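Undergrad: The structure under discussion is supplied below as structure tokens; questions concerning it will follow.
The values are calculated or read from the model by the stated rules, or taken from the named source; none is laboratory data. The shown structure was predicted, so the numbers you read here are calculated from the model rather than taken from an experiment. A quick note on method: Cβ atoms are made from the backbone with ideal geometry, for glycine too, and the neighbour counts reach across all protein chains shown.
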Number of protein chains: 2
Amino acid sequence: MAIDKAGVRERRRHRGDNRVTIEDVARQAGVAPITVSRALNTPERVSARLRERIDQAVETLGYVPNLIAGGLASAGTRVIPVVVPSLSILTFIEVIHGIQQTLEGAGYQVLLGSTDFDLDREAALLDSVLGYSPSGVIMTGLRHRESTVRRLKAWGRPVVEIMELGESCIDMNVGIDNAGVGACMARHLLERGYRRIAFLGTGMGMARDYRARERYEGHREVLAAAGVESELLFQHDEPSSYEVGRQLFLEALEARPDLEAMHFANDNLATGAILAANRRGMRVPEDIAIGGYLGLSLGEHLTPRLTTVTVPRFEMGVEAAKLLLARLEGRLPALPRVDIGYELTVREST
Amino acid sequence: MAIDKAGVRERRRHRGDNRVTIEDVARQAGVAPITVSRALNTPERVSARLRERIDQAVETLGYVPNLIAGGLASAGTRVIPVVVPSLSILTFIEVIHGIQQTLEGAGYQVLLGSTDFDLDREAALLDSVLGYSPSGVIMTGLRHRESTVRRLKAWGRPVVEIMELGESCIDMNVGIDNAGVGACMARHLLERGYRRIAFLGTGMGMARDYRARERYEGHREVLAAAGVESELLFQHDEPSSYEVGRQLFLEALEARPDLEAMHFANDNLATGAILAANRRGMRVPEDIAIGGYLGLSLGEHLTPRLTTVTVPRFEMGVEAAKLLLARLEGRLPALPRVDIGYELTVREST
DNA sequence: GGGTTTTTTGGTAGCGCTACCATATTTTTC
DNA sequence: GAAAAATATGGTAGCGCTACCAAAAAACCC
């Protein structure tokens, strides 16, 4: 019997990985492995005496739990995949930062995925990350492949959709009202007395950043309601950048020298425009007014300082993570939909 | 016998998670589970006929492999933790982007961790992420707790240390020569004829971004060798930002009105300075020359355009990921140390 | 055609942990 | 102080997959 056991012991472990296991700790502490497991996961269910002895053994042996094994046994790995369209857009980074900080504090790890604005890639990526038995998932946007929605709904674990707001989310939703943002800036420009107002953006085809398009729709409706020319749209396909902002600015100026104001889809573009105006010696807002969206800190340092609609991006991430944690800890959040809001920041560029 | 088996079948699965397993696929295809495993992982070891039948079954059932189970069995989960000091510093984001893009293409997922420049947090975080049996790890910098180094060396899987360069890395190393960067800009400023040159940075205490300090050391040595006042250092403790750049600029101007050039620890600070100079109506470089480090695209759009030392950050990430993949695929990289290089980008601000 | 090599498939036994249930111990109750 | 309830610990059986070895089938060889 003993010999047999020793034989088994010898050929355990397919491979060299000689990590300290829960069994080693159990032996050291003179208890059963399951007791160690409990001491670690639900300490209140173990007597103080044993708990101490076990903690001691953990310390001595330098035991680090194998979360993979734990995950397999209990189906849940304290990993939260965060799926965003792009990692080269600062906005998403700031949101991820908020998520990461909040989750890491609670002992969860963020698994990063980017879809490049492609819903098929999103579906494939989701399949892949669900293979990690994550505890929950954070997705960008409310538009997904039908299969993606179906799979996540059937999955039965917390899902948060971020960035935009809508009535029919998969599970929970934290975001902002994009049309509202667009309308807000448009209204501001009208109030300032501007009438010939263009909207300038990037990637606004349905395939890519449709949230920018929603802002444009909001903008357009306000102008149309005011009886002002509302179809003035300049659009590039590349991702937003200072350079594209500069180009849009120059193109719009060329095409419509009579323009009074430019409403940019985001601060990156608007910044490129202001810097281009600076270089040409044009006066903002006297020659041309410029408004943005995001509230990047850079806006304050430009001359003139940029008028923008500020959204709390980091906080959006924090809020999404908090919702997820609440659900994971069994607390049913009263409001599974959080409007993170926005604020018109009026400065000198309009 | 059959009854016994059925009995077992009935109470399998502790919990409701009724995912399709490899066994379901095997049954559907009329083969053994291990054959399905092979068809998926090493297709060339399975006959074309079976492979097709299995692919068919996978398709039909919508099977998605449980990577956790696979990871437990084979000790390796196609996860690569990337540990960086901060997610609010654009540089790291760009590196992560390069890493993520490269790894995702090869079927690996990035697990994100940030240490807030704290080596103890780094050690704890490492313990935690090693619990996921990752296939490899990417760490920032060459300075770690001794225990961290020991653990990673004993671990035996690929480790890449990024951002800086040194003789004694844990396993592989991709980075740049920080002292060289600092020296490069200092030399440029001297060549331009400037003599009263200050270095301005943030978080340069040993505890935080010691890489900035290395750049300063490089700068200082060049000035000292040229017999020029070399101890001119202005320093803040908060993280770099446009705002801090502005403040450092104004402070330095106040403290030393005779300054001819400012060498900033990075482009964020330098940008804040140029924008501050713009606002005050100061001429750059006539009144004061300004140099940076990084090569952010914003630098091109400022007036004057920013002279800087450009480092290929995205490419650094790509290179780190490639090294890791090479090792994971069994190819021993000839050069486990890659100097990613830098380039002096001379524009009008100096 | 029998033997040898090579290729293809399958059986078994874990990977390290935790859910579930059973047993032992302590505390409470009347 | 015995019975009942509550608490503390342990045993067993997987979670779903793959490493390892064995067996079967196919290809090759003289």
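Undergrad: Among the candidates B:Glu167, B:Glu161, which residue alone is outside the structural domain of B:Arg211 (by TED's automatic domain parsing) and closer than 22 Å to B:Ile80 by Cβ?
TA: Numbers: B:Glu167 fails: closer than 22 Å to B:Ile80 by Cβ.
Just one listed residue meets the conditions, B:Glu161.
Undergrad: What pairs can you find where one residue is in the range A:19-37 and of a type outside the set (Val, Ile, Thr), the other is part of a loop (DSSP other than H, G, I, E, B) and near DNA strand C (Cβ under 6 Å from one of its atoms), and their Cβ atoms are less than 8 Å apart, with a gap of 6+ or different chains?
TA: Cβ pairs passing all conditions: A:Arg19/A:Asn66.
Undergrad: Could you tell me whether any residue of the range B:169-186 is more than 20 Å from B:Phe92 (Cβ to Cβ) and crowded, with 23+ Cβ neighbours inside 10 Å?
TA: Looking through the range B:169-186, at least one residue is more than 20 Å from B:Phe92 (Cβ to Cβ) and crowded, with 23+ Cβ neighbours inside 10 Å.
Undergrad: When both residues are 6+ apart or on different chains and their Cβ atoms are under 8 Å apart, which pairs have a first residue that lies in the range B:268-290 and is away from chain A (no Cβ under 12 Å) and at positive phi, and a second that is among the charged types (D, E, K, R) and in a strand (DSSP E or B)?
TA: none
Undergrad: Here are some residues: B:Tyr194, B:Tyr216. Which one is among the aromatic types (Phe, Trp, Tyr), in contact with a Pro (Cβ under 9 Å, 6 or more places away or on another chain) and either surrounded by fewer than 21 Cβ atoms within 10 Å (Cβ to Cβ) or closer than 23 Å to B:Asn268 by Cβ (or both)? Give the steps one after another, and end with the answer.
TA: Numbers: B:Tyr216 fails: in contact with a Pro (Cβ under 9 Å, 6 or more places away or on another chain).
Within the list B:Tyr194, B:Tyr216, the selection yields B:Tyr194.
Undergrad: So, one more: Within the range A:31-48, track down each residue that is near DNA strand D (Cβ under 6 Å from one of its atoms) and either of a type in the set (D, E, K, R) or part of a helix (DSSP H, G or I) (or both). It would help to see each step written out before you state the result.
TA: Narrowing the range A:31-48 to residues near DNA strand D (Cβ under 6 Å from one of its atoms): A:31-32, A:34-35, A:45-47.
If the condition is that a residue be near DNA strand D (Cβ under 6 Å from one of its atoms) and either of a type in the set (D, E, K, R) or part of a helix (DSSP H, G or I) (or both), then A:Ile34, A:Thr35, A:Arg45 are the ones that fit.
Undergrad: Would you mind finding the one in B:Glu146, B:Glu122, B:Glu104, B:Glu94 that is within 24 Å of A:Glu94 (Cα to Cα) and more than 10 Å from chain A (Cβ to nearest Cβ)?
TA: Details: B:Glu146 fails: within 24 Å of A:Glu94 (Cα to Cα); B:Glu104 fails: more than 10 Å from chain A (Cβ to nearest Cβ); B:Glu94 fails: more than 10 Å from chain A (Cβ to nearest Cβ).
Being within 24 Å of A:Glu94 (Cα to Cα) and more than 10 Å from chain A (Cβ to nearest Cβ) holds for just one of B:Glu146, B:Glu122, B:Glu104, B:Glu94, which is B:Glu122.
Undergrad: Follow-up. Tell me which of these B:Ala106 doesn't satisfy, since it passes every other one: (1) within 16 Å of B:Arg337 (Cβ to Cβ); (2) touching a residue at least 60 places away in the same chain (Cβ under 8 Å).
TA: Among (1) within 16 Å of B:Arg337 (Cβ to Cβ); (2) touching a residue at least 60 places away in the same chain (Cβ under 8 Å), B:Ala106 violates only (1).
Undergrad: I'd like the full set of residues that are touching a residue at least 40 places away in the same chain (Cβ under 8 Å), away from DNA strand D (no atom under 12 Å from the Cβ), facing another protein chain (nearest Cβ under 10 Å) and in a loop (DSSP other than H, G, I, E, B), limited to the range B:63-87.
TA: Correct list: B:Ser86 only.
Undergrad: Determine if the range B:147-166 includes at least one residue that is buried (at least 22 other Cβ atoms within 10 Å of the Cβ), touching a helix residue (DSSP H, G or I) at 6+ places or on another chain (Cβ under 9 Å) and small (Gly, Ala, Ser).
TA: no
Per-residue answers, yes or no, for (1) in a loop (DSSP other than H, G, I, E, B); (2) under 18 Å from A:Leu294 (Cα atoms); (3) of a type outside the set (Phe, Trp, Tyr); (4) more than 14 Å from every other protein chain (Cβ to nearest Cβ):
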| residue | (1), (2), (3), (4) |
| --- | --- |
| A:Arg213 | no, yes, yes, yes |
| A:Tyr216 | no, yes, no, yes |
| A:Leu223 | no, no, yes, yes |
| A:Glu229 | yes, no, yes, yes |
| A:Leu253 | no, no, yes, yes |
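Undergrad: Within the range A:227-238, which residues are crowded, with 16+ Cβ neighbours inside 10 Å and either in contact (Cβ under 8 Å) with a residue 40 or more places away in the chain or out of contact with any Phe, Trp or Tyr (no Cβ under 8 Å at 6 or more places or on another chain) (or both)?
TA: If the condition is that a residue be crowded, with 16+ Cβ neighbours inside 10 Å and either in contact (Cβ under 8 Å) with a residue 40 or more places away in the chain or out of contact with any Phe, Trp or Tyr (no Cβ under 8 Å at 6 or more places or on another chain) (or both), then A:Val228, A:Ser230, A:Gln235, A:His236 are the ones that fit.
Undergrad: Can you find a residue in the range A:88-97 that is touching a Phe, Trp or Tyr at 6+ places or on another chain (Cβ under 8 Å), outside any loop (DSSP other than H, G, I, E, B), more than 10 Å from DNA strand C (Cβ to nearest atom) and of a type in the set (D, E, K, R)? Steps first, answer last, please.
TA: Our first condition is that a residue be touching a Phe, Trp or Tyr at 6+ places or on another chain (Cβ under 8 Å); within the range A:88-97, this holds for A:94-95, A:97.
Retained after the next criterion (residues that are outside any loop (DSSP other than H, G, I, E, B)): A:94-95, A:97.
If we keep only those that are more than 10 Å from DNA strand C (Cβ to nearest atom) as well, we get A:94-95, A:97.
When the remaining residues are screened for being of a type in the set (D, E, K, R), the result is A:94.
For the range A:88-97, residues touching a Phe, Trp or Tyr at 6+ places or on another chain (Cβ under 8 Å), outside any loop (DSSP other than H, G, I, E, B), more than 10 Å from DNA strand C (Cβ to nearest atom) and of a type in the set (D, E, K, R): present.
Undergrad: Residues that are of a type in the set (S, T, N, Q) and in contact (Cβ under 8 Å) with a residue 12 or more places away in the chain: does the range B:170-185 have at least one? Lay out the reasoning, then the answer.
TA: Looking only at the range B:170-185, we keep the residues that are of a type in the set (S, T, N, Q), and these are B:173, B:178.
Now drop any that are not in contact (Cβ under 8 Å) with a residue 12 or more places away in the chain, which leaves B:173, B:178.
Yes: the range B:170-185 contains one or more residues that are of a type in the set (S, T, N, Q) and in contact (Cβ under 8 Å) with a residue 12 or more places away in the chain.
Undergrad: Identify all residues within the range A:42-70 that are within 9 Å of DNA strand C (Cβ to nearest atom) and either farther than 27 Å from A:Leu325 by Cβ or in contact with a Pro (Cβ under 9 Å, 6 or more places away or on another chain) (or both); write none if there are none. So that I can check it myself, show each step before the final result.
TA: Narrowing the range A:42-70 to residues within 9 Å of DNA strand C (Cβ to nearest atom): A:42, A:47, A:63-70.
The answer is A:Ser47, and nothing else.
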